[in-house]
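The values are calculated or read from the model by the stated rules, or taken from the named source; none is laboratory data. A quick note: this is a predicted structure, and the numbers were derived from the prediction, not measured. Every residue, glycine as well, gets a Cβ built from its backbone with ideal geometry; the counts of neighbours run over all protein chains shown. These accessible areas exclude ligands, DNA and RNA; they are computed on the full protein's heavy atoms, side chains included. Shrake-Rupley method; radii C 1.70, N 1.55, O 1.52, S 1.80 Å.
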Amino acid sequence: MSLNIVSDRLGYPAEYFKMEPLPKRRKETECDDSWVAYPVLSNEQSLDPELIDAFAAPITDKKETSRLIKELATVYPLRGLQHIKRVRARKEKGSTHPLEVIVCLASDAPDRGMDIFDLSSAGRLNCSGLGVPFLVKIPACPPLTRPQFEQASKHWPTSFHEDKQVTVALKGQLFSPHQKSKMQEYMMAAVAAAKQGWERGMEGVGAVVVDPESEKILAIGHDCRTGSHPLHHAVMVCIDLVACGQGGGAYTYDKYPACQFVLPDSSPSPRKDIPVCGNQPDQASTGESGHPYICTGYDLYVTREPCVMCAMALVHSRIGRVFYGTASIDGAFGSKFKIHAKKDLNHRFEVFQGVLGQQCEDLNRQVNLVKMNS
Amino acid sequence: MSCPSNIIVPSDARKCLHSSEGFIARWFELSCRSTCASSLLHPKMGTDNEKDAVVVRENFQPCAEDIEMWMASAFDMAKEALENGEVPVGCLMVYNNEILGKGRNEVNETKNATRHAEMVALDQVLEWCRQRDLKPRTVCERTVLYVTVEPCIMCAAALRLINIPLVVYGCNNDRFGGCGSVLDIPAADLPLTGSSFKCISGIRAEEAVEMLKTFYKQENPNAPKPKARKEAGRQYSLAPPLHNLIHPRVYDELNTVCPTSGPPLTPVFQVREMTNVPS
């Protein structure tokens, strides 16, 4: 009965749910090395470098090299391309002319396909020592990540100011074993909440808000959209639960015992002691300095990539970081948009995906199976 | 819950309504986003009353007089909010000539940054549906949102999710706007995020901007206090106001949203200063 209710209200196109066999469930207690958290980077950082056409030529007389570089810099300065190295060494050994130089951008050349004397800019450039020019593609922007640098270097050498943190993150090695086990613990709480929500006829999505400093869970919520409110997605529920913990909040969640919060200022307590909503003494926001301000500095763990509404709600709430398990079609942290990296917005933050990816994917599969069987 | 059954339109608003009627009609035509307009007529696949929904959406065109009247009411609310030290955004949801939801920002009192006027108004619509045992979807599909400022990205997505067909707003929101300013959510390809909606924008835009300017000259007492800057010798808040809709630096740009062709909209309320208004 409840299964049918779920599937009726999903309204997703059938092709979204390709039925695949369910994998054997792992024991949830063992430390899981099956997942890796990867950063969801901005397009600038993650797309292949854009390329532009340029004329290069071999240096036939090595002694002319320094003069040529000097003259080329005056006659054909590469404006806005400070990352491009003007001269490159040919990779093949034993070549007669081991050095090549960028003469000019194709757009700066007098005409396409000209020989070197046409490129001499009416004699301003002394072309002695330069061989027959040829067309190359050079990266238009400085590479921001190591993969981009490696990609760019296939075309022409560039300088690269490496952000080591990003490189490590892209390898999936940013988090220590302790951090990873905490991340797994938080996501497991989100998965558990998702299951409880799902059993009540909601979509199988769960979320958890954590204060990374105290390593304490502040709120646990699950999707409640098929209950009383169509916009009560798991993230929206969690944001409001955090507000409840700060003495605010717009809703009560008495109907949903799995949706819980704690006071951020209260002394650390084991997770099982998380009190349910409504039983909280009103003592939040009393501290003079450093009292909690919406979700500033907190981390969110959510089983599925948030939709546009939830993603923007997290921007408004000044969330610290977001971790999600699995991507979603309309997702706004990588799939359809990258709201966390949008320069126009006043708050940006890091997003990681893949935390406990398989278990989160399984939650979607449960829904899929119901859909297929109904 | 209070659902006002009638709406008070100030007498000067009525005067204005007649004087700029022609302009509104033209502005209406100009501002409808063509992409959204065509998608509005899409049959909603999978709805129980598919045919009905199409008819409703096709006929869903409030007249210019109605638009102006409801916007006047939204501006009343914004003005009232400003006088009470609240973010001056007025917002109402109208169904069958009845206001089902009226909202103002409740971010500070709820400590929940998602409590924008639109979300508050929507809650009232849902409560109205609950009391009458009506499906929220059938009601929302015939409900227009009138709001003095362009809905933010979050609210625009929320409006999609609940299938609102038409949004009428005043000034652009260059900071967070989700109806074209930062992202164009109503027209975006989001198959699992409800349905796209149509927008009519620029109604009394200068006035909406002026109210926001006035508001953001004040400080937000709820923002956390930054550490004192010793070299500056004084303490001041660097934190932006909570739910800062418009940044001061974009105020001037905002004036460009006003129509440059055709007569300006006659302000119903006194606008403190008007800039860039074509004569």
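Summary of values
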{"quantity": "Peptide A:230-236, shielding by other chains (average Cβ, 10 Å cutoff)", "calculated": "4"}
{"quantity": "Peptide-level mean, for A:325-332, of C-beta atoms on other protein chains within 10 Å", "calculated": "3"}
{"quantity": "Residue-wise HN-Hα coupling along segment B:134-148, computed from phi with Karplus coefficients 6.51, -1.76, 1.60 (Hz; x: Gly, Pro)", "calculated": "9, 6, x, 5, 5, 6, 4, 5, 10, 10, 9, 9, 10, 8, 6"}
{"quantity": "Spin-label model distance (nm) - A:S228 vs A:Q151, 7 Å beyond Cα toward Cβ", "calculated": "4.8 nm"}
{"quantity": "Residue mean of other protein chain beta carbons inside 10 Å, A:337-348", "calculated": "3"}
{"quantity": "A versus B: buried accessible surface, summed, Å² (probe 1.4 Å, to nearest 100)", "calculated": "3100 Å²"}
{"quantity": "Solvent-accessible surface ranking, highest first, for A:K63, A:K216 at 1.4 angstrom", "calculated": "A:K63, A:K216"}
{"quantity": "Net length gained if the chain between A:D254 and A:S42 were fully extended (0.36 nm per residue, minus Cα distance)", "calculated": "72.4 nm"}
{"quantity": "Long-range amide H partners of A:T326 with built H, under 5 Å", "calculated": "A:R304, A:E305, A:G354"}
{"quantity": "Efficiency of FRET between A:T167 and B:C63 - r from beta-carbon atoms, R0 56 angstrom, step 0.05", "calculated": "0.40"}
{"quantity": "Per-selection metrics, segment A:37-83 (Cα): Rg and Dmax in Å", "calculated": "17.1, 52"}
{"quantity": "Additional length obtainable on full extension of the chain from A:A73 to A:T60, 0.36 nm per residue less Cα span", "calculated": "2.8 nm"}
